[in-house]
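Trainee: The following block contains the structure, expressed as structure tokens.
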Amino acid sequence: MELERQVEELRSLLGEAAVLTGAEDLSRYTRPYRGVPGPTPAVVRPADVDQVRAVVGWARRHRVRLLPQGANSGLAGASTPPPAGAHPAPVVVSLERLDREPMVDPVDRTAEVAAGTRLSRLNTAALPHGLVLPIDLGADPSLGGMVATNTGGARMLRHGDMRRHVLGVRAVTADADCTVVDERTTLRKHNVGPSLTQWFIGTSGAFGIVTDVVVDLGRLPAARACAWMIPRDAVAALETILLLERSYGRWLEAFEVLSAEALEAAVREVGDRGPFGSRPSPWLSALVEFSGGEESEEVLVGALDDLTSRSLISDAVVVPPVRAWAYRHAVTDGLQRSGTVLGFDVSVPRSHLPPFRDRVREAVASVAPQAIVADFGHWGDGGIHCNVVLPAGVTVEAPIRVALDEAVIGTACAEFGGSFSAEHGVGPRNAGWWTSTTGIGTRSLVAGLKQVFDPLGVLGHPGLPYRWEPGSS
Ligand SMILES: Cc1cc2nc3c(=O)[nH]c(=O)nc-3n(C[C@H](O)[C@H](O)[C@H](O)COP(=O)(O)OP(=O)(O)OC[C@H]3O[C@@H](n4cnc5c(N)ncnc54)[C@H](O)[C@@H]3O)c2cc1C
């Protein structure tokens, strides 16, 4: 009854259309990409920064937790409510109505974008100016979600992650004043002390709801050229990256490596014979992209000859860029349809990728012999998605899940000096690893800052780890 009254209050604040409560309306916002949907009493869709502030004020008054959501493509489990019973159900704050034509400034090479606007809309607006936000991935996220997760993507090797492109944000915090932090700027040189903007990047909405983002744009290259290649082995794949960087550095845009299991899933998803035609999927394959002037393809063909003559690769095919990337971008969805997927987004220093890969396969096989490790990822920057695929319909019991986490994440962090989250950010799926791999001093300072930005703990997924729990050590 009380909850109903509270939701009515939200309606009176924002208008009828802004608050959804019908089961069918809610399902789109409560279903994660992977995993079990969780309940929410309502989805609220503010249309501007004042409405976001009103929602945060409402949440503080009633001690209701708010779960910000952009395009709901996140893979750390932090954009949808937790399963029933785990925590009190949060209200989802969908930022989808914060969506307007991006303000592209071709002279400053920047864009100011509302948080709910999708990456594709920004890039459509930037295209006539020969500009692009060069973060490339198989989903179409919102700009606010990209800030909150610090998206990496396949071109990170050359262009960096979202943090490198964010010039400033506007965000609403949950302190007593519901402060609007407004650090929107198109300045690149702005060395004026603490930047609160950094507190909203890669922090999963736990410190504030981002409403606007100003980004630095890159120039669209005149041409791109792609090839799929078969490295001699994993060490040769690494040597290939080094040679390309050394001799063709200004052309190299991306270098992605796929296991046979990942490529096969992608080819099934695309529905043709794959980049290598009728030949069986190689044990390891790589996608390379060069970009620059019109001669990009010519330079790429020369590089492939170079790699072949050094026996680093056994075969290569030049594939038109759209088709070449279609396979890479189909891996995640393709695996999703292949069985029960446990996603692991880890990174290690790239020099360790070949032995890391072998170790993970051994460790996973000892826990779940029926599991397939379909690893793929951004080898150029050390990122590797070690996705474990089990037969469809298999329920992964908690002890097996813990042992698989240890086999992949534990191996990455403890044996290879890696990270439990390469690019998908922190969420309930990996929150425990944040706690166990972060020093007590840092955790205590983060908890203090959480107290400043959100003293009542109403912001972000309830499974996030940043609050100081009694008895923490
Ligand atoms: C097929 C596929 C491929 C992918 N490939 C990549 C890849 O290559 N690289 C990569 O980095 N990621 C990848 N992802 C993951 C995902 O697309 C990114 O994490 C993306 O940035 C999430 O944006 P979103 O708008 O979907 O955010 P959501 O999923 O809606 O939310 C993600 C997190 O951000 C918070 N949040 C969302 N909006 C806001 C806001 N306005 N203010 C505050 N907090 C907010 C949420 O609470 C949640 O914690 C992929 C996902 C899929 C499905």
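Trainee: When the Kirkwood radius is taken over all Cα pairs of the chain, what Stokes-Einstein diffusion coefficient follows at 4 °C and 1.567 mPa s, in µm²/s? Each step should come with its number before you reach the end.
Mentor: On the way: Rh = 23.3 Å.
Diffusion coefficient, whole number: 56 µm²/s.
Trainee: Under 16 Å from a point 7 Å along the Cα-to-Cβ line of Asp272: which residues of segment 216-239 have their amide N that close?
Mentor: Correct set: 226-229.
Trainee: Turning to a different aspect of this structure: All other residues with a Cβ under 10 Å from the Cβ of Leu217 taken together, and with Lys, Arg as +1 and Asp, Glu as -1, what is their net charge? Don't jump to the answer; show the numbers that get you there.
Mentor: Values: positive: Arg109, Arg219; negative: Asp105, Asp108, Asp216.
Net charge around Leu217: -1.
Trainee: What order do you get for 410-417, 350-357 when each peptide is scored by the mean count of other beta carbon atoms within 10 Å, highest first? Present the calculation step by step, with values, prior to reporting the outcome.
Mentor: Details: 410-417: 17.2, 350-357: 19.4.
The packing order, highest mean first, is 350-357, 410-417.
Trainee: For segment 96-224, how big is Rg over Rh, using alpha carbon atoms and the Kirkwood form of Rh? Write out the running numbers ahead of the final one.
Mentor: Details: Rg = 14.1 Å, Rh = 14.7 Å.
Rounded to two decimals, Rg over Rh is 0.95.
Trainee: Evaluate the relative contact order of segment 375-473 (contact order divided by residue number), counting alpha-carbon pairs under 8 angstrom at least 6 apart; express in whole percent. Before the final figure, lay out each step's value.
Mentor: On the way: 58 pairs, mean separation 19.3, N = 99.
About 19 percent, as a whole number.
Trainee: Follow-up. If each DSSP helix of 4+ residues adds -39,500 (n - 2.57) and the sum is divided by the residues in the chain, what number results at 222 nm, nearest 500 deg cm²/dmol? Display every interim value, and only then the final one.
Mentor: Values: 16 runs with 157 residues, N = 473.
After summing the helix terms and dividing by residue count, I get -9500 deg cm²/dmol.
Trainee: Counting only other residues whose beta carbon sits under 10 Å from that of Tyr29, what net charge do I get with K and R as +1, D and E as -1?
Mentor: Numbers: positive: Arg28, Arg31, Arg45; negative: Asp25, Glu96.
Surrounding charge for Tyr29 is +1.
Trainee: Which residues in segment 429-457 place their backbone N less than 20 Å from a point set 7 Å from the Cα of Arg63 along the Cα-to-Cβ direction?
Mentor: Answer for segment 429-457: 450-457.
Trainee: Moving on. Which order do peptides 392-398, 48-54 fall in by mean Cβ count within 10 Å, highest first?
Mentor: Working: 392-398: 9.9, 48-54: 18.9.
Final packing ranking: 48-54, 392-398.
Trainee: At a 1.4 Å probe radius, carbon and sulfur cover how many percent of the accessible area of the chain?
Mentor: Details: 10450 of 19680 Å².
After summing per-atom areas, the C and S share lands at 53 percent.
Trainee: Tally Lys and Arg at +1 and Asp and Glu at -1 over the other residues with C-beta under 11 Å from the C-beta of Pro275: what net charge comes out? Spell out each step's value before the answer.
Mentor: Details: positive: Arg273, Arg279, Arg323, Arg328; negative: Asp272, Asp315.
Its environment carries a net charge of +2.
Trainee: Please calculate how many Å² of accessible area the chain carries per residue, with a 1.4 Å probe and no DNA, RNA or ligand atoms counted. Write out the running numbers ahead of the final one.
Mentor: Working: 19680 Å² over 473 residues.
Accessible area per residue: 42 Å².
Trainee: Oh, and also: Of all DSSP beta bridges in the chain, what percent run antiparallel (nearest 5)? Don't skip to the answer; put the middle values down first.
Mentor: On the way: 56 of 63 bridges.
In the chain, DSSP labels about 90 percent of beta bridges as antiparallel.
Trainee: Could you tell me what fraction of 2.2 N^0.38 Å the Cα radius of gyration of segment 304-463 comes to, as a two-decimal ratio? Each step should come with its number before you reach the end.
Mentor: Numbers: Rg = 18.8 Å, N = 160, 2.2 N^0.38 = 15.1 Å.
Segment 304-463 yields a ratio of 1.24.
Trainee: Another question, if that's okay. Skipping prolines and chain starts, which residues have an amide H placed within reach, meaning under 5 Å, of the one on Leu98, given they are 5 or more residues away or on another chain?
Mentor: Sorted by chain and number, the residues that satisfy this are Gly116.
Trainee: So if I take the centroid of the Cα atoms in segment 239-269 and the same for segment 146-224, what is the distance between those two points in Å?
Mentor: For segment 239-269 versus segment 146-224, the Cα centre distance is 28 Å.
Trainee: As an exercise, take the mean of 1/r over every pair of distinct alpha carbons in segment 257-346, invert it, and state the Kirkwood radius in angstroms.
Mentor: Values: mean 1/r = 0.0697 Å⁻¹.
Result for segment 257-346, one decimal place: 14.3 Å.
Trainee: If you take the beta carbon distance between Arg279 and Ala414 as r and set R0 to 45 Å, what does 1/(1 + (r/R0)^6) give as a FRET efficiency, to the nearest 0.05? Mind dumping the intermediate values first?
Mentor: On the way: r = 38 Å, r/R0 = 0.85.
That gives a FRET efficiency of 0.75.
Trainee: Calculate the FRET efficiency for Val317 and Gln370 from the Cβ-Cβ distance with a Förster distance of 22 Å, rounded to the nearest 0.05. Before the final figure, lay out the partial values.
Mentor: Numbers: r = 33 Å, r/R0 = 1.52.
After rounding to 0.05, the efficiency reads 0.10.
Trainee: Explain nothing, just the number: dipole magnitude of the chain about its Cα centre with +1 on each Lys and Arg Cβ and -1 on each Asp and Glu Cβ, in debye rounded to the nearest 20.
Mentor: Details: 45 positive and 54 negative charges, 115 e Å.
Rounded to the nearest 20 debye, it is 560 debye.
Trainee: To continue, here is another question. Using packing as a proxy for protection, rank 105-118, 122-135 so that the peptide with the highest average count of other Cβ atoms within 10 Å comes first. Walk me through the intermediate numbers first.
Mentor: Values: 105-118: 20.6, 122-135: 18.4.
Taking the mean over residues of other Cβ atoms within 10 Å, the ranking is 105-118, 122-135.
Trainee: Could you work out the per residue convex hull volume over the alpha carbons of segment 27-88, in cubic angstrom?
Mentor: Details: hull volume 5.6 nm³, N = 62.
Looking at segment 27-88, the number lands at 91 Å³ per residue.
Trainee: What FRET efficiency, computed as 1/(1 + (r/R0)^6) with R0 = 35 Å and r the Cβ-Cβ distance, is obtained for Thr21 and Leu456, rounded to the nearest 0.05?
Mentor: Working: r = 24 Å, r/R0 = 0.67.
Computed FRET efficiency for Thr21 and Leu456: 0.90.
Trainee: Please report, in cubic angstrom per residue, the volume enclosed by the convex hull of the alpha-carbon atoms of segment 66-149. Before the final figure, lay out each step's value.
Mentor: On the way: hull volume 7.4 nm³, N = 84.
It is 88 Å³ per residue.
Trainee: Extension gain Arg28-Asp48, at 0.36 nm per residue separation less the Cα-Cα distance, in nm?
Mentor: Details: separation 20, 0.36 × 20 = 7.20 nm, distance 2.16 nm.
Here the answer is 5.0 nm.
Trainee: While we're on this one: What GluC sites (Glu not before Pro) in segment 293-357 are in a loop by DSSP, with at most 11 other Cβ atoms within 10 Å of the Cβ?
Mentor: Details: sites: Glu294, Glu295, Glu297, Glu298; in loops: Glu294, Glu295.
Passing sites in segment 293-357 are Glu294.
Trainee: Here's a follow-up. Using the Karplus curve 6.51 cos²θ - 1.76 cosθ + 1.60 with θ = phi - 60°, work out ³J(HN,Hα) for each residue of segment 204-221 in order, rounded to whole Hz, and write x for Gly and Pro.
Mentor: In residue order, the calculated couplings are 6, x, 7, 10, x, 9, 6, 10, 8, 9, 10, 10, 8, 9, x, 7, 6, x Hz.
The values are calculated or read from the model by the stated rules, or taken from the named source; none is laboratory data. Not measured: the values here are computed from a predicted model. Here Cβ is always computed from backbone atoms with ideal geometry, including for glycine, and neighbour counts include all displayed protein chains. When the accessible area is computed, the model is the full protein with side chains, heavy atoms only, and any ligands, DNA or RNA have been set aside. Shrake-Rupley method; radii C 1.70, N 1.55, O 1.52, S 1.80 Å.
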